[in-house]
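Student: My questions all concern the structure below.
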Amino acid sequence: MSFVMYAAPFAFALLLLAPGWPSFTLFIYIAMLRWFLHLASRGALRNRRRSQWWLIPVRDLMSLAIYVVSMLGRTVKWRDLTLSTDTSRP
């Protein structure tokens, strides 16, 4: 269910694939929720720097891309240890 965290890119894709009032409404609703999450996290962390709110969609798209690419690999390298899901190797 991790894909629920990436609702904004999926809502944008729906808006492109099926333009219309329902998909537009869903996209606006999700964008507003994402904006409120941004404001809430800035407030909770007491972040006083200037907000770069326009980077929110870029961050969401990059996070989704990293998530998808991470599911395609079969090995993980952690420091000097390499773990693999390949069962044919001893």
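Student: Identify all residues within the range 37-60 that are loosely packed, with under 11 Cβ neighbours inside 10 Å and under 13 Å from the mean Cα position of the chain (by Cα); write none if there are none.
Tutor: Passing the criteria: only V58.
Student: Quick check on this structure: which one of L72, L83, L37, L33 is over 19 Å from S2 (Cα atoms) and either out of contact with any helix residue (DSSP H, G or I) (no Cβ under 8 Å at 6 or more places or on another chain) or free of Cβ contacts under 8 Å to residues at least 40 places away in the same chain (or both)? Give the steps one after another, and end with the answer.
Tutor: Details: L72 fails: over 19 Å from S2 (Cα atoms); L37 fails: over 19 Å from S2 (Cα atoms); L33 fails: over 19 Å from S2 (Cα atoms).
Result of the check over L72, L83, L37, L33: L83.
Student: For the range 11-36, enumerate the residues that are hydrophobic (A, V, I, L, M, F, W, C) and loosely packed, with under 12 Cβ neighbours inside 10 Å.
Tutor: Once the filter is applied, which keeps residues that are hydrophobic (A, V, I, L, M, F, W, C) and loosely packed, with under 12 Cβ neighbours inside 10 Å, the range 11-36 yields L16, L17, A18, W21, M32, F36.
Laboratory data are not the source of any read-out in this text; all were calculated from the coordinates shown. All values derive from a computational prediction rather than experimental measurement. We place every Cβ from the backbone using ideal geometry, glycine too, and count neighbours over all the protein chains shown.
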